[in-house]
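The next block holds one structure in the form of structure tokens; read it before the comments.
Quick note: the coordinates plus some simple rules give every number you see, no bench work behind them. Computed from a predicted structure; not experimentally measured. Using ideal geometry, Cβ is built from the backbone for each residue, glycine included, and neighbour counts are taken over all protein chains shown.
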């Protein structure tokens with residue numbers, strides 16, 4: 001999804017949360033500023049749903065839970081909040097009913113890239129995600145071709161990049177089975193749209 005800056009600031013994260021719950025659209029809150037989340041395109045939505053569905057099936061029967069798009073993630077004690085496309089948490093702290101408004105301890109986050117968000121997802125947003133001590137895997141999925149980048153935390157401040165193509169599989173012990181990259185693109189049509197008819 002795209003993000004558009006809204007000229008609004010809040011005294012603290014609780015003030016943002018109270019305001020945001022009354023809004024018709026989702027709004028991220030980063031560095032004291034509000035960013036409105038613009039609706040996703042069809043392929044973006046399909047890829048996110050495919051990821052969430054596969055992860056839910058693979059993790060069925062475990063303490064892990066999979067969330068897609070509509071739930072906030074608190075990334076740090078400063079109170080920055082974002083909306084990942086997909087996230088997975090197995091942490092019992094995320095089952096606290098007193099904090100039913102957001103997740104704070106995921107181990108996997110998935111973002112589907114678009115032209116308007118790719119730089120943000122690879123840059124500032126990844127910086128924010130690296131502040132989450134439980135996060136060990138960050139998957140960036142392209143939507144215009146079958147390619148993805150998996151970042152795996154190897155040491156406290158070191159992340160290793162694993163570039164992936166449509167023929168590859170994502171191997172993460174915690175998932176219990178290989179995850180085919182091709183499964184992310186089920187029902188995604190890469191056929192170019194027909195050219196517009198010339199004017200009569």
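Annotation for residue 53 and residue 21: the two label points, set 7 Å from Cα along the Cα-Cβ direction, are 3.3 nm apart.
Annotation: the antiparallel percentage among DSSP beta bridges lying fully within segment 42-121 is about 80. Summarising the strand pairing of the chain, around 85 percent of its internal DSSP beta bridges are antiparallel. Between 169, 136, 62, where does the largest GNM mean-square fluctuation fall for the chain, given springs only between Cα atoms within less than 10 Å? Maximum among the listed residues: 62. Comparing mean-square fluctuations of 180, 106, 63 from a GNM of the chain with C-alpha springs under 10 Å, the top value falls on 63. Largest mean-square fluctuation among 44, 137, 162, in a Gaussian network model of the chain whose springs join Cα atoms under 10 Å apart, belongs to 162. Within segment 70-186, DSSP assigns beta bridges of which about 75% are antiparallel (rounded to the nearest 5). Remark: C-alpha extents of segment 62-159 on the principal axes read 40, 30, 30 Å, sorted largest to smallest. Using the Cα gyration tensor of segment 8-111, with a ≥ b ≥ c the square roots of its eigenvalues, what is the shape: rounded (a/c below 1.5), prolate (a/b larger than b/c) or oblate (neither)? Oblate, because a/c is 1.5 or more while a/b does not exceed b/c. Starting from the Cα gyration tensor of the chain, take the square roots of the eigenvalues, sort them a ≥ b ≥ c, and report rounded, prolate or oblate (rounded when a/c is under 1.5, otherwise prolate if a/b is larger than b/c, else oblate). Judged from the Cα gyration tensor, the chain comes out oblate (a/c at least 1.5, b/c at or above a/b).
Sorted from longest to shortest, the spans of the Cα atoms of segment 116-200 along the three principal axes equal 63, 31, 16 Å. Estimated at 0.36 nm per residue, the fully extended path between residue 144 and residue 9 surpasses their Cα-Cα distance by 45.1 nm.
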